[in-house]
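Below is one structure, written out as structure tokens, with a few remarks after it.
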Amino acid sequence: MDLSNARWRTSTRSGANGNCVEVAITDEGVAVRDTKDRSKPAHVFTHAEWAAFVGGVKDGEFDL
């Protein structure tokens, strides 16, 4: 997936301490990266994988 023109969005819950996650949604899928080191490759997911993850978060599957 070519991410050179991706529009990255930072989580609104990110603080000023640099522990942030950015997400780019494209026609091909969803990319996630760590803002502390943008030179590393992003993790890329299909739209179906991303929807399953977001659904799990909303359903509390990852609550501690």
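What do you reckon, is ARG38 of a type outside the set (A, V, I, L, M, F, W, C) and either touching a helix residue (DSSP H, G or I) at 6+ places or on another chain (Cβ under 7 Å) or modelled with pLDDT of 90 or more (or both)?
Judged against the criteria, ARG38 is not a match.
Being surrounded by 12 or more Cβ atoms within 10 Å (Cβ to Cβ) and in a helix (DSSP H, G or I) is the filter; apply it to segment 8-51 and report the residue that is nearest to the chain's Cα centre (by Cα).
TRP50
Can you name every residue in segment 1-40 that is among the small types (Gly, Ala, Ser) and in contact (Cβ under 8 Å) with a residue 24 or more places away in the chain?
Correct list: ALA6, GLY29, ALA31.
The values are calculated or read from the model by the stated rules, or taken from the named source; none is laboratory data. Because the structure is a prediction, the values reported are computed rather than measured. So basically every Cβ, Gly included, is an ideal-geometry build from the backbone, and we count neighbours across all protein chains shown.
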